[in-house]
Amino acid sequence: MKALMLAVFVCSAPGFAAETYLLKEPDEKLSLKVETLSVAKGAVTTTRTSGATRTHHQADVVRWREWKRTFRPDALGGKVHYHMLRDEVATRLDGEDDVKAGPLHGKVTVGQRNGAGNWTFTLLEGSAVGAQVDELEAMEAIENRRWLPNRKVAIGETWEFTPQFVRDTLRRDVKQAVAVGVMELVAVDEKPGGGRQARIKVVIRAGGEEVKSSREVVGAEGLLAGEMTVELDRPGAMVLRLNGTMISEAKVGASDAVARIPVTLRFESEPLP
């Protein structure tokens with residue numbers, strides 16, 4: 001009887017409930033400095049034909065983006081401005097290097113909410129053409145992200161999210177590609193300079209296939225994993241780092257091509273004064 005009473009007391013005593021932490025996206029009115037880096041290094045493309053001929057090409061692509069995000073209120077609910085401070089692409093193909101400005105370098109993009117409540121972007125000056133259209137969609141994926149669950153979470157708890165930036169990349173080749181992400185709060189640490197930092201495990205799986213004709217089939221898949229850190233006492237301060245492999249394949253008749261691309265991604269945001 002005493003053992004039973006002790007067990008009931010221990011299980012019901014205050015202080016034994018798991019501590020929880022509020023994980024939420026920063027307020028839309030917050031000004032941020034954002035940097036992204038994507039590295040596709042050591043990519044190998046293998047092409048096969050009915051004659052068993054194989055060719056291999058290695059390409060490295062590094063993409064840097066840096067922008068200042070500001071919110072401007074108005075009678076319609078406000079607009080978001082992205083001042084693109086840097087958009088640069090460095091490519092190495094078969095030993096030859098090339099560095100050039102990206103489609104949005106030096107541009108200002110403006111986001112406003114549509115009827116569904118999502119942010120859509122246009123250029124402040126002129127109309128988007130060519131690759132700029134895809135880049136504006138990438139900005140929309142970042143601004144509309146829902147990575148954090150916007151609720152209190154305990155250590156070890158998981159939640160799902162939609163990694164639009166991965167899904168949209170695959171959909172450029174495979175329109176029906178899907179992507180699913182899972183996050184897990186693994187720890188909350190005290191930073192050396194003060195403040196608390198949440199460490200979150202991240203795993204993303206993506207893929208899809210599209211039959212374009214009786215002779216042509218394209219497919220893509222990817223697996224990325226890494227960690228995100230979120231400063232709990234400084235809203236807007238977060239870093240996401242991912243590593244993995246993206247694979248795309250195309251079959252046309254008796255020929256096929258497979259590209260395996262090791263990928264490193266980093267997203268970092270800091271609140272501006």
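Of all residues in segment 170-181, those that are over 12 Å from the mean Cα position of the chain (by Cα) and open to solvent by 60 Å² or more (accessible area, probe 1.4 Å) total 6.
Select from segment 129-150 the residues that are hydrophobic (A, V, I, L, M, F, W, C) and part of a helix (DSSP H, G or I) and write down the one among them that is nearest to A198 (Cα to Cα).
Let us first name the residues in segment 129-150 that are hydrophobic (A, V, I, L, M, F, W, C), namely 129, 131, 133, 136, 138-139, 141-142, 147-148.
Next, only the ones that are part of a helix (DSSP H, G or I) stay: 131, 133, 136, 138-139, 141-142.
Values: A131: 36, V133: 35, L136: 30, A138: 26, M139: 25, A141: 23, I142: 20 Å.
Once the filter is applied, the top-ranked residue is I142.
When every residue of segment 31-43 is checked against the conditions, at least one turns out to be surrounded by 10 or more Cβ atoms within 10 Å (Cβ to Cβ), modelled with pLDDT of 95 or more and not in a strand (DSSP E or B). Selection within segment 122-148: residues that are among the β-branched types (V, I, T) and in contact with a helix residue (DSSP H, G or I) (Cβ under 9 Å, 6 or more places away or on another chain). The member of this set that is modelled with the lowest pLDDT is I142.
Just name the residue that is surrounded by the most Cβ atoms within 10 Å (Cβ to Cβ) out of those in segment 182-225 that are among the basic types (K, R) and touching a residue at least 12 places away in the same chain (Cβ under 8 Å). Ranking the qualifying residues of segment 182-225, first place goes to R205. Within segment 68-127, the set of residues being more than 19 Å from A138 (Cα to Cα), among the acidic types (D, E) and open to solvent by less than 70 Å² (accessible area, probe 1.4 Å) comprises D74 only. I'm trying to understand the selection: among the residues of segment 227-247, which are out of contact with any Ser or Thr (no Cβ under 9 Å at 6 or more places or on another chain) and either crowded, with 18+ Cβ neighbours inside 10 Å or hydrophobic (A, V, I, L, M, F, W, C) (or both)? Selection gives M228, V230, L232, I247.
If you check R167, R151 for being at pLDDT below 95, open to solvent by 20 Å² or more (accessible area, probe 1.4 Å) and either of a type outside the set (S, T, N, Q) or in contact with a Pro (Cβ under 8 Å, 6 or more places away or on another chain) (or both), only one passes: R167.
Pick from segment 251-267 the residues that are buried (at least 18 other Cβ atoms within 10 Å of the Cβ) and out of contact with any Ser or Thr (no Cβ under 6 Å at 6 or more places or on another chain): which of them is farthest from T47 (Cα to Cα)?
Taking segment 251-267 first, the residues buried (at least 18 other Cβ atoms within 10 Å of the Cβ) are 259, 261, 263, 265, 267.
Those left that are additionally out of contact with any Ser or Thr (no Cβ under 6 Å at 6 or more places or on another chain): 261, 263.
Working: I261: 15, V263: 21 Å.
So the residue we want is V263.
The set of residues from segment 154-164 being open to solvent by 60 Å² or more (accessible area, probe 1.4 Å) and under 11 Å from E19 (Cβ atoms) comprises just one member, I155.
The values are calculated or read from the model by the stated rules, or taken from the named source; none is laboratory data. On a predicted model such as this, the values are computed, not experimentally measured, just so you know. Note that each Cβ is placed from the backbone with ideal geometry, even for glycine, and that neighbours are counted across all protein chains shown. Calculation scope for accessible area: heavy atoms of the full protein, side chains included, ligands and nucleic acids excluded. Shrake-Rupley method; radii C 1.70, N 1.55, O 1.52, S 1.80 Å.
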